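Here's the structure, in C-alpha cells; my notes come after.
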Amino acid sequence: MRTSPFFHFLMLGFFKERKKHIGVIAISLVILFLLGSALFISSSIRYSLNQTLAWEPDFVVQRTQGGQKVNAPTAWIDDLLEVHGISKVTPRVYGRYFFKAKENSFLIVGVDFMDEQSNKALRMMMDETDLKQFLKGDNMLVGEGVSTHLKTHFYPNGYTFLTPKGVFKKVNLFKVLPKKSNLISNDMIIVPIELAREILGMGEDEVSDIALNVPNDDEWDNVADKISAFYYDIHVTTKEDIKKAYENLYNYKGGVFLILFLIVIVTFVLILYQRYSMVYSSERRHIGLLRALGWSIRDVLKLKFFETMMIVVIAFVLGVALAYLYVFVLGAPLLREIFLGGANLPNSVILVPVLDFGILSSIFLIYAIPFISAVLIPTWKIAVTDPKEAML
Amino acid sequence: MMKAMIVIDNLNKHFKSGDDIFKVLKGINLQINSGECIVLKGVSGSGKTTLLSIIGGLDRPSSGKVLVEGESISKLPDLHISHFRARKIGMIFQHFNLFDHLTAAENVMIPLIPTGLDMHEVNHKVEVSLKLANIFHKANSAAGRLSGGEKQRVAIARALASNPAIILCDEPTANLDRNNSLKFIDILSQLHEMGKTIVVATHDPLFDTLPFESKIIPMEDGSLVDTFSKDTLAES
Amino acid sequence: MAKAFYTVFSFLFLITFSVSIHYVATDRVSATNSLSAVAGLTRMGSLSLSVAYYEPRVQRIEKANNIIYPEMMSIDRMDFVYEN
Amino acid sequence: MNEILLSNQVLVYLLSESILFGLLLIAFVITFGILLKWDFGSYSEQQFLLERRAYLTMTILLFVFVVKFLLLVYFVFAIDSLSLLVPGAMCAAGVISANDYGMLLLFLKLVILFFLLLWMALNSYDLRAKNYPIFRLKSWLFIAIFFIISIELGLNFAYFSHIDTLEPVNCCSTLYGQLEGANPLPFGLNIMTLLLLFYLIYIVVMGAMLSKQRVLSVLATLLFVMIAYYSVVYFFGTYIYELPTHNCPFCMLQVEYYYVGYLVWGTLFVGAYLGIVSSIMEIGLKEERKKEQTSALILLSIFVLLCTAYVAIYYLRNGVFL
C-alpha cells in the first residue's frame, strides 16, 4: 500500500483522538439533517407539481367581482371558442364541500366524462368494465384522505351530501384514487359534472371557471390580451403564473427555513469557535513539539486543514444520507406538515426523490463555509505555536 | 582539521515581563567545531536551555548572530528555519516529549514527514534509527507504555531519524536513574564516534567525566564563565 | 491507521451508493403517471394542501390554532404571500 | 422582502459571500497593521509576531480563493435557476441583465479571481525566498483586492435586491442577437475574419509561450480571451445549440447542453489566467514557472479543440455548416 507519510500521520491523529471530533460531527449531523430534510421536501413537492403542469390547461379564465371569484356564465365558452388559436375550451366546476361535523372540507370536482382528455385520463385509472359501471349511477372517486375521513365517520361505502337546496343526495364511493397522487388528490372528490353542480348548488348555465389551451406558445401574450378585453370582470391566469406561484411558495417556505437556519448557523459557528479554541489549546504542547521537530507553520496548517475537511466530508455525507432516508424512505413524518399543512385532512404523500446539484451544493456551502471559517482562526493560532513550547 | 559548525557571535536574549527587562543571555561568543561534544553546565536559570533552543532554531535571539555552516539562522522565515530544524538538528528533550498514544516507530517518523520522502524511505529510516538506538524490539508498542529508559532511547532514535549533523540534548538524564543515565552516555559516545556535533545542556555531574573527548563550558547567569578543554581520555 | 480511514470511507461510499441505488431505482414514472391522470381528469394540478391558498378567505371556517389570540394567523396560511 | 431574496440559492450565496467578507476584513486589518510596522531586519518580538500574523492572511486568502472560485460557479447556477421567477428570462442572460449591476458584478468576479491567483503566485515566490523580498508588494496587492471585493459585496446585495419580478426582461436572443443588421462584433469584424483572428491569435499565444516571449504572450492572451468570447457567443455557440440564430454565452451552462458551458468558459479563463499570471511572474521576478505555462497551454488547447470539435462534429453529421 503506497500512502504518503503525511497521510499516515493525519489518519493516526484523526482516529486515535476521534473522541475529540465526535461531538462536532454530531452537531453537524443535526444541522445537516434538518437543513437537508427541509430542502428535500420542498424540492420534491416542487418537482412533482412541475410534472403535473404539463397536464394543466394553459389558461384559466375566471370571473371576479370585488376581488372575489364568482361563477362564470356558460355563454363565455362560446365566445372564447371564436378566438383564433384557442383550443380545448372546457368548463370547470369545483368547490369546497364542508363536512360540518368536524369542520373539515372536501374539494368537489365535477368532470365531464364525455370530454376527450378526461376520458383518456380516466382510462389510465380504470379498465373498461369499471368505466361502464362507474358512469352508470351516482358514483364518486375520492382521494385517500377523504376516504379515510369518511370511514372514521362511518361512511364506508358512500356519503349523503346535503345540497344548498336542503335536498339529500346519496353518492356511492366507487374507488379510492391511488396514494401516489395524494399530493393533489388527497382531499378531492371527483363526480360527474351535473352531480357536482347539484351538490355545490350551481345553476345549469354556470361554471366555476373556464380552462383553455393555446397550442402555439408564441401566441400566449396575444391571446391573454385578447381575452382580457372581452369582459370587464374577467381574470386570466396563465400556467406561467401558476408555475411562479409554486416556485414562490417553496422559495418562501424554504427561505423562511433558511433564515431560521442562519440563526442556528451563527450559534453553531460560535460553539465551534469556542470548542476549537479549547481543543487546540490542549494540543498546544503537541503542536509545539511538532514545530520543534521541524514542522513548519504551513505543515501544521495543512494537517489541521485536512482534519477539518475529513470532518466536513464525513458529516456532510452522513447528514445528507440521513435526511434522504427520513424524507424519501420514511416520508418525512411531522416535518411535511409544515409544507403541506395539517389543519384539514391528514395527508400522507409519497415524496418522489429529487437530488440535484442545486440542493446538494446549497447544503454543502451553507454548512462547510461557516464551519471552516469558524475553525480557521483557532487553527492558525495553534499552527503558529512557538517551537520552544516543547522545551518547557 | 577542524571545521567550524556553529558560530555564535555576541548573542543576547532578553524577555520583557511588564516593564522589567529580563536578560537571559548576555553577549555570548562561542565556536563549536564539527564533531565536537560540548557540555553546557550550569544551575537551572543560567540560560543554558535558552542558548540550546536558539542554536536549534527553536527560539530567536534579541540581537547577535548564530551561524550554522556559515549561514545565519536567526532571521530566517519560518518555512526555512523549520526546514533547517528538520534536516540539521536532532533534539532530545528533558521530558522525552513523546506522543504517548503513538507507537515508538510512529514517534520516530514525525520529523521525517515534512521532508517529503515517500513511505518506503521513511520506514527504512525509522528502522535504521530504531536499531541504532537499540529499541527496535519495541517499535510497535505505544510510547506511553514504555519505561523511562526505553522512552529515552525512542527519543534518541527520533533525534537521529533524519540523520542530522547536530544533536542537541536538554537535561537528557534528568528523568533517568543512574543505570539508564550511564547507558545514555554510552549511546552518546557512539554518536560522537559517528562524527555528530553534540551539545548537551545539563547539571548532572555524570557529564563531568565523559568517556570521550569533550569540552565542558560552565554557564552562570547568562554568560559563559570560562572555556577550557578537558581531555578526559588522557586523564584516565 | 490508514485501515480506519479505508473503513470509514468505504462505509461512507456504501451509504452514498445505497442512496444512489434507491434514487435510481425509485419508481418515478408510476407516481408521475397517477398525478398526471388526476391532473388530466380534473384539469387541476393544485396542491392538496390542508390550506388552500387560492380560496377566498371569507369562505374559510377555521379553527383558531391559538386560543389566546384567535385572530392570529396560523403558520400554514399562505394567502397573504400572494397579495400583490 | 423581495421574493428573489427568499430563493434558497440566493440566500446561501449571499451568506457565503458575507462570511468571506468578514474573514477578509480580519485579514485586511492585520495586513494594514503589518504594513505599518513591518521591518524584516528587526529582531524584536513584534516583528516575529507580525510574521506569524502574515500566516493568518495567507490562510484566509487561500480559503477565499478556493471558495470564490466555487461561488462563481454557484452564482451562475443560481441566477440560471432564477430565470423561472423573472418574466421573460429564458436563461441566466436575462436575469443578469435584469438591472445595471449584474454584468458589472460578473465582470468584477472574473477580475477578482485573476488578482487572487496573481496574489497566490506572488505569495509562493515570497515564501520560498529567505527574506520576504516582495512582502510589501503582495500586501498592497491584497489591499487593492480587498477594495475590489468590498465593491463586489455591495454589488451583490444591490443586484439581488433590485431584480424586479414583475417587469419583463430581455431574453438572450434580444440581448445578443443581431437586430436590424447592426454588427455586434468589435472592430467591425465579420464572422470569417473573427474566426481567422481566433485561430491566428491562438497560434501566436502558443508560439509566444513556447519561445518564452513573455510580454507578447501576456498581450496575446488578453486579446485571445476577448476574441474567444466573441467567437464563442457568435459562432461556436450556435454549433453547441445547433441553431444559427441562438447567440448566448449562458444557455450552454444548462443541462440541455450537458453543462458544457462550464467546461468551455472554465478552460478558457483558467488557461488564460494561468498563462498571464505565470508570464507576469517571469517578467517581474525572473523566475521559471514551467508547470503553470504548460498547464495554461494545455487548457487553452482543450478550449480551442472543444470549440472546433463542435463545428466539426456538426459538419460530419449533417454535411453542411450552419
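How do the helices (runs of 4 or more DSSP H) wholly within the range D:132-235 filter down when requiring 1 or more residues that are closer than 24 Å to D:Pro249 by Cβ, open to solvent by 30 Å² or more (accessible area, probe 1.4 Å) and in contact with a Ser or Thr (Cβ under 9 Å, 6 or more places away or on another chain): which remain?
Of the helices (runs of 4 or more DSSP H) lying wholly inside the range D:132-235, those with at least 1 residues that are closer than 24 Å to D:Pro249 by Cβ, open to solvent by 30 Å² or more (accessible area, probe 1.4 Å) and in contact with a Ser or Thr (Cβ under 9 Å, 6 or more places away or on another chain) span D:172-176, D:191-210.
Name every residue in the range B:135-183 that is crowded, with 20+ Cβ neighbours inside 10 Å, within 18 Å of B:Ala105 (Cα to Cα) and among the polar types (S, T, N, Q), in order of residue number.
Passing the criteria: B:Gln152, B:Ser162.
Whether any residue in the range A:126-134 is open to solvent by less than 10 Å² (accessible area, probe 1.4 Å), in the same structural domain as A:Leu107 (by TED's automatic domain parsing) and polar (S, T, N, Q) is what I want to check.
Taking every residue of the range A:126-134 in turn, none turns out to be open to solvent by less than 10 Å² (accessible area, probe 1.4 Å), in the same structural domain as A:Leu107 (by TED's automatic domain parsing) and polar (S, T, N, Q).
Could you tell me which of the residues A:Val24, A:Val60 is of a type in the set (A, V, I, L, M), within 11 Å of chain C (Cβ to nearest Cβ) and either open to solvent by less than 10 Å² (accessible area, probe 1.4 Å) or assigned to a strand (DSSP E or B) (or both)?
A:Val60
Residues of the range B:70-82 being open to solvent by 20 Å² or more (accessible area, probe 1.4 Å) and in contact with a helix residue (DSSP H, G or I) (Cβ under 8 Å, 6 or more places away or on another chain), which ones?
Across the range B:70-82, the qualifying residue is only B:Leu79.
Go over the candidates A:Val313, A:Val320, A:Val327 one by one and state the one that is farther than 19 Å from A:Lys180 by Cα, in the same structural domain as A:Tyr276 (by TED's automatic domain parsing) and buried (at least 21 other Cβ atoms within 10 Å of the Cβ).
A:Val320
If you take the residues of the range A:342-370 that are open to solvent by 20 Å² or more (accessible area, probe 1.4 Å) and touching a residue at least 12 places away in the same chain (Cβ under 8 Å), which of them is nearest to the other protein chains (Cβ to nearest Cβ)?
A:Asn344
Say we look at the range B:85-111 and pick out the residues that are more than 8 Å from every other protein chain (Cβ to nearest Cβ) and not in a loop (DSSP other than H, G, I, E, B); which of these is farthest from B:Val199 (Cα to Cα)?
B:Thr103
Scan the range D:142-169 for residues that are in contact (Cβ under 8 Å) with a residue 12 or more places away in the chain and among the small types (Gly, Ala, Ser) and jot them down.
Answer for the range D:142-169, where residues must be in contact (Cβ under 8 Å) with a residue 12 or more places away in the chain and among the small types (Gly, Ala, Ser): D:Ala144, D:Ser150, D:Ala158, D:Ser161.
For A:Leu150, which of the numbered conditions (1) hydrophobic (A, V, I, L, M, F, W, C); (2) without any contact (Cβ under 8 Å) to a residue 24 or more places away in the chain; (3) touching an Asp or Glu at 6+ places or on another chain (Cβ under 7 Å) fails to hold?
Failing condition for A:Leu150: (3).
Working carefully through the options D:Ser124, D:Ser139, find the one that is without any contact (Cβ under 8 Å) to a residue 12 or more places away in the chain and closer than 16 Å to D:Leu61 by Cα.
D:Ser124
Name the single residue, out of those in the range A:198-220 being under 20 Å from C:Gly40 (Cα atoms) and more than 12 Å from every other protein chain (Cβ to nearest Cβ), that is least open to solvent (accessible area, probe 1.4 Å).
Result: A:Val214.
Among C:Thr16, C:Thr26, C:Thr32, which is open to solvent by 50 Å² or more (accessible area, probe 1.4 Å), within 7 Å of chain A (Cβ to nearest Cβ) and within 28 Å of the chain's Cα centre (by Cα)?
Within the list C:Thr16, C:Thr26, C:Thr32, the selection yields C:Thr16.
So B:Gly90 fits all but one of (1) at pLDDT below 90; (2) buried (at least 16 other Cβ atoms within 10 Å of the Cβ); what number is the exception?
Here B:Gly90 clears every test but (1).
Scan the helices (runs of 4 or more DSSP H) fully inside the range D:1-117 and keep the ones with 2 or more residues being surrounded by fewer than 18 Cβ atoms within 10 Å (Cβ to Cβ), out of contact with any strand residue (DSSP E or B) (no Cβ under 6 Å at 6 or more places or on another chain) and at the interface with chain A (Cβ under 10 Å from one of its Cβ atoms).
Of the helices (runs of 4 or more DSSP H) lying wholly inside the range D:1-117, those with at least 2 residues that are surrounded by fewer than 18 Cβ atoms within 10 Å (Cβ to Cβ), out of contact with any strand residue (DSSP E or B) (no Cβ under 6 Å at 6 or more places or on another chain) and at the interface with chain A (Cβ under 10 Å from one of its Cβ atoms) span D:8-37, D:45-82.
Need a quick list: strands (runs of 3 or more DSSP E) entirely within the range B:183-236 having at least 2 residues that are at pLDDT 85 or above.
B:197-202, B:214-220
Could you pull out the residue among B:Glu150, B:Glu121 that is under 22 Å from the mean Cα position of the chain (by Cα) and more than 15 Å from A:Leu12 (Cα to Cα)?
When all the criteria are applied, what remains is B:Glu150.
Would a scan of the range D:89-100 turn up a residue that is hydrophobic (A, V, I, L, M, F, W, C), free of Cβ contacts under 8 Å to residues at least 12 places away in the same chain and not assigned by TED's automatic domain parsing to the domain that holds D:Arg289?
no
Residue check: is D:Glu256 closer than 17 Å to D:Ser173 by Cβ and either modelled with pLDDT under 90 or not in a helix (DSSP H, G or I) (or both)?
In short, yes.
Please state which of the following conditions D:Glu292 fails to meet, knowing it meets all the rest: (1) surrounded by fewer than 14 Cβ atoms within 10 Å (Cβ to Cβ); (2) in contact with a Ser or Thr (Cβ under 6 Å, 6 or more places away or on another chain).
Unmet condition: (1).
Please name all residue pairs, on different chains or six or more residues apart, with Cβ atoms under 8 Å, provided the first residue is in the range B:137-153 and is of a type in the set (A, V, I, L, M, F, W, C) and the second residue is part of a helix (DSSP H, G or I) and open to solvent by 50 Å² or more (accessible area, probe 1.4 Å).
Hits for this filter: B:Ala139/B:Glu127; B:Leu146/B:Lys138.
Just need a number here: residues in the range A:158-206 that are of a type outside the set (A, V, I, L, M, F, W, C) and farther than 29 Å from A:Ile350 by Cβ.
Of the residues in the range A:158-206, 15 are of a type outside the set (A, V, I, L, M, F, W, C) and farther than 29 Å from A:Ile350 by Cβ.
The values are calculated or read from the model by the stated rules, or taken from the named source; none is laboratory data. Small disclaimer: the values here were computed from a predicted structure and weren't measured. Positions of Cβ are generated from backbone atoms using ideal geometry, with glycine treated the same way; all protein chains shown enter the neighbour counts. Ligands, DNA and RNA are stripped out before the accessible areas are found, and what is left, the full protein with its side chains, is counted by its heavy atoms. Shrake-Rupley method; radii C 1.70, N 1.55, O 1.52, S 1.80 Å.
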